[in-house]
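Only one structure is covered here, and it is reproduced in the block below.
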Amino acid sequence: MALPPLDSPQWNSPWLAFGWGLRSVTQTILTIVLFVTYLGIGALAHDTHFSLLWALASTLFVWAGPAQIILITTLGSGATIVQSAIAVTVSAIRLFPMVVSVLPLMRTPTTKRRELVFAAHLTAVTLWVECHRFLPLVPRERRIAFVHGLGCGLVSVCLVANTVGYFLAANLTQTLGAAILLLTPLSFLFSTARNSREVADVVALVLGIVLYPLAAKLSSGVDILVSGVVAGTIAYGVHWWREVRA
Amino acid sequence: MSSAQLIGDWHALAVLFVAGVVPNQIWRMLGLWFGGGIDEGSELLVWVRAVATAILAGVIAQIVVEPPGALAGVPDSLRYGAVAAGLVVFLLTRRSIFAGVVTGEVFMLAGKWWLG
């Protein structure tokens, strides 16, 4: 399936654009990756004694894989609500720059802020990555509707995956459970690497991985924030230096 | 499966709201609020995107270095080896996410099987 040309009548209504967004779910390998990741989250929720409704509500209202995994594992391992909330808040900081960078792709001069609230909610790593790929192919005034369709499609896939994973969990061996959990870092690593086109992105990714174990030795409680800001700032420095030289 | 397993209790859902929903939505809504005046190609955005990428990289490292749940039962060398093997194949296949993920998984499962 290819998206219609920018001047096609297929983009004449927001509903058609929503439909194209929904159908675009079938055009990305990340849908399979998400399905498997959320299969894992459903299984993890089952094994840590959360209800199916809880798992589905976390997907609907949190809508951030890493945050959901951190929430389930910390609560499941006996952390307090406050400790879990801090860990999740820190992991969710990356949503801020994602929202900041993705919303301008959809905005027109007349767009009201409230029209972007649902798109902001749907923003998570997969949508962020796919927006940069798909949105240049979508007329600007239809991008919000397109993103709503794409996001609703992805959420639906994940809700199904949660349910399947939850019911499979009872039958998964320890090794298969580990294999499903390993899918999360692998898929996030490679999908981020594939979309790192600029040197700054590559530096941020590599340094972010290398610096985390060092930052974790500080046990500051905000290790990911420390390594992220340091690695990201160095990456920006590299970008700036190359710009100045050019 | 009982209704307790399917629905659970309201306390757990309240915890989800406080520790899961609020911490995520705060950042999204702050992004919505402060992102308004920022230009797509601005230098601030380049920095902010680099930090976002690095924080996600940190989450990836954290899951591998301090693994949750069943993954903790896999030896360190197998986890690191799986990521390294996946990365090599990912790069050799001109950035195929699928090839990288499958290689990492096969490496880990084969290692688990070989170690017994």
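On inspection, A:L150 qualifies as modelled with pLDDT of 90 or more and within 17 Å of the chain's Cα centre (by Cα).
Summed over the range B:79-101, residues that are more than 9 Å from chain A (Cβ to nearest Cβ), assigned to a helix (DSSP H, G or I) and not small (G, A, S) total 4.
Number of residues in the range A:139-180 that are closer than 20 Å to A:V125 by Cα and out of contact with any Asp or Glu (no Cβ under 8 Å at 6 or more places or on another chain) equals 19.
What about B:I26, is it among the aliphatic types (A, V, I, L, M), facing chain A (nearest Cβ under 7 Å) and surrounded by 14 or more Cβ atoms within 10 Å (Cβ to Cβ)? No, not satisfied.
Given the structure, is A:T74 in contact (Cβ under 8 Å) with a residue 60 or more places away in the chain, under 23 Å from A:T173 (Cα atoms) and hydroxyl-bearing (S, T, Y)? So A:T74 fails the test.
Here is a yes/no grid of residues against (1) at pLDDT below 95; (2) surrounded by fewer than 17 Cβ atoms within 10 Å (Cβ to Cβ); (3) under 14 Å from A:S191 (Cα atoms):
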residue	(1), (2), (3)
B:V88	no, yes, no
B:R94	yes, yes, yes
B:F98	yes, yes, yes
B:V106	no, yes, no
B:W113	yes, yes, no
B:G116	yes, yes, no
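May I ask you to list the residues in the range A:14-34 that are surrounded by 18 or more Cβ atoms within 10 Å (Cβ to Cβ), over 13 Å from A:P4 (Cβ atoms) and aromatic (F, W, Y)? The one that is surrounded by 18 or more Cβ atoms within 10 Å (Cβ to Cβ), over 13 Å from A:P4 (Cβ atoms) and aromatic (F, W, Y): A:F18.
Please tell me if B:V48 is within 26 Å of A:R114 (Cα to Cα), surrounded by 16 or more Cβ atoms within 10 Å (Cβ to Cβ), within 7 Å of chain A (Cβ to nearest Cβ) and of a type outside the set (K, R). Yes; evaluated as a whole, the condition is true for this residue. Where helices (runs of 4 or more DSSP H) sit wholly within the range A:18-128, those with at least 3 residues that are facing chain B (nearest Cβ under 7 Å) and either under 26 Å from B:W10 (Cα atoms) or small (G, A, S) (or both) occupy A:52-61, A:65-76, A:81-92.
The values are calculated or read from the model by the stated rules, or taken from the named source; none is laboratory data. Quick caveat, the model's predicted, so the values are computed rather than measured. Every residue, glycine among them, receives a Cβ derived from its backbone with ideal geometry; neighbour counts consider all protein chains shown.
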